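J.: Pasting a structure here, questions to come.
What follows is calculated from the coordinates using simple rules that are stated; it is not laboratory data. As the structure is a computational prediction, the values presented were derived from the model and not from experiment. Every residue, glycine as well, gets a Cβ built from its backbone with ideal geometry; the counts of neighbours run over all protein chains shown.
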Amino acid sequence: MTLKATTNWRFVAGAEVQSAIAEIWPVYNKKLNGGHPSIDCRYLTLLYEYFGRGSELLAISDDAVALLQSDGYGRWSTFLPSQSCVGTALFSKSLASDDVSEICQSLSAALPGRTTLVSFRKQDSRIAQLQPRHIIESFVTSTYGTTTDIDTSGSFEDYWQGRSKGLRQGMRRKIKRVEKDGLEFALSKCEQPGEMAAVLTEYAVLEMSGWKARSGTAISGTNQQSRFYEALMTTMSANGQAAAYQLILNNEVAASLLTIRENETMIVLKTAYRQSFSRFAPGRLLDYLMLQDVFGDSRTMVIENYTVSTMDDRRWCTGQRDIIDWDFFPSRVVRELVCASRRARSLLSRS
């Protein structure tokens, strides 16, 4: 079902959304975003297939596209399951702040019902999303978290020498601890579609051994999240654009990383390690071995982690930036009320 069109926007809803994503999103991701893998069409199509509610709208204009969901009471936000790296919206990088204001105002007017808020969540300024220069009166922004990246265009040796002395010494100690205990370790890299089902089964064992199992968020091997990641890794690996890295410690999978890649950018989707090997820091040992492999692969020039990074994560990175949530309020009165409410909550939390 195609909903009403305006001068600037048209909407696709219902059963037509998935096919419209497959048809339209690749065009916009290439035109506006250079084909960045964080919001690749195959990734988004599978996110919608496995986690969509069926009530989402695909909003399309000349200079922007967004997959939106209704949050009730006139509020809308970008479709954002927890498995998504960034919010599902793209804006032309050439837009000035006044252009963005006009686009968002017209979107608010065109959406069904009376719109009080449109939230563009997890916006990354590195790609074709909202940029710091777009901050205008109608937006209220907040920091979702700080993500990190690693430039892999040089040599691993130069990269590693550029890390802190403490990080390098710490890694040497970790390797010596493994060797002192007489354990053998190696890196395994799985890139074939036929390998991905077994990879996800092994990955599920790792997550089920840790805190995610206790919190109910782990890949279990049978839940919806497991099926999504198996489908994504299988789909992307069919074109040589996915790799699962595993740390093999004494013939057991001790840690695993799931990655996808496109246009010289690798995205780290998920990482997990076996709790019984925690004294050997298997996750960091896998990072170290994986980076050596990626630096030697000319297909990847940058690794994007897309996580809320810790201080320890930042010791490994060559770059970092904030991921921002942007709330657009068509009404100035509503915006001022929301800002006043947030200031009051902030003051109360400090008292």
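J.: Against the longest principal axis of the chain, how steep is helix 17-33, in degrees 0 to 90 to the nearest 10, with axes from Cα atoms?
T.: Roughly 80 degrees between the two axes.
J.: Take the alpha carbon atoms of segment 26-58, find their center, do the same for segment 92-167, and report the distance between the two centers in whole angstrom.
T.: After rounding, the separation between the Cα centres reads 17 Å.
J.: Could you calculate the contour length gain from GLN224 to ARG315, that is, 0.36 nm times the residue separation minus the distance between their Cα atoms, to one decimal place in nm? Spell out each step's value before the answer.
T.: On the way: separation 91, 0.36 × 91 = 32.76 nm, distance 3.39 nm.
Gain on stretching GLN224 to ARG315: 29.4 nm.
J.: I've got another one for you. Going by a ≥ b ≥ c, the root eigenvalues of the Cα gyration tensor, does segment 153-300 fall in the rounded group (a/c under 1.5), the prolate group (a/b larger than b/c) or the oblate group?
T.: Values: a/c = 1.98, a/b = 1.18, b/c = 1.68.
It comes out oblate by the Cα gyration axes.
J.: Within the set LYS30/LYS93; LYS174/LYS212; LYS93/LYS122; LYS176/LYS270; LYS31/LYS93; LYS189/LYS270, which residue pairs have Cα atoms separated by over 20 Å?
T.: Over 20 Å apart, Cα to Cα: LYS174/LYS212; LYS176/LYS270.
J.: How far, in nm, would the chain grow between GLU23 and ARG299 when pulled straight, counting 0.36 nm per residue and subtracting the alpha carbon separation?
T.: 96.7 nm
J.: Out of ALA197, ALA128, ALA15, any idea which swings most in a Gaussian network model of the chain, alpha carbons joined below 10 Å?
T.: ALA15
J.: A further question follows. Note the angle between two axes, namely the Cα long axis of helix 97-110 and the longest principal axis of the Cα atoms of the chain, as a number of degrees from 0 to 90, rounded to the nearest 10.
T.: Value to nearest ten degrees: 70.
J.: Given only helices, namely DSSP H runs of n ≥ 4 each adding -39500 (n - 2.57), what is the per-residue ellipticity at 222 nm of the chain, to the nearest 500 deg cm²/dmol? Please report the intermediate quantities before stating the final value.
T.: Working: 11 runs with 135 residues, N = 351.
It comes out at -12000 deg cm²/dmol, rounded to the nearest 500.
J.: Return the whole-Å distance between the Cα centroid of segment 316-351 and the Cα centroid of segment 183-255.
T.: Their Cα centres are 36 Å away from one another.
J.: ARG10 to THR141: extension gain in nm, 0.36 nm per residue of separation minus the Cα-Cα distance?
T.: Separation in residues times 0.36 nm, less the Cα-Cα distance, equals 44.5 nm.
J.: Calculate how steeply helix 282-295 sits against the longest principal axis of the alpha-carbon atoms of the chain, using the helix alpha-carbon long axis, and give the answer as 0 to 90 degrees to the nearest 10.
T.: Value to nearest ten degrees: 80.
J.: Still on this structure: With the crude spin-label approximation of a point 7 Å out along Cα→Cβ, what separation in nm comes out for ALA213 versus ILE175?
T.: Here the modelled spin labels are 3.1 nm apart.
J.: If you don't mind, another one. To the nearest 0.05, what FRET efficiency results for ARG75 and ARG345 with a Förster distance of 22 Å applied to their C-beta separation?
T.: 0.75
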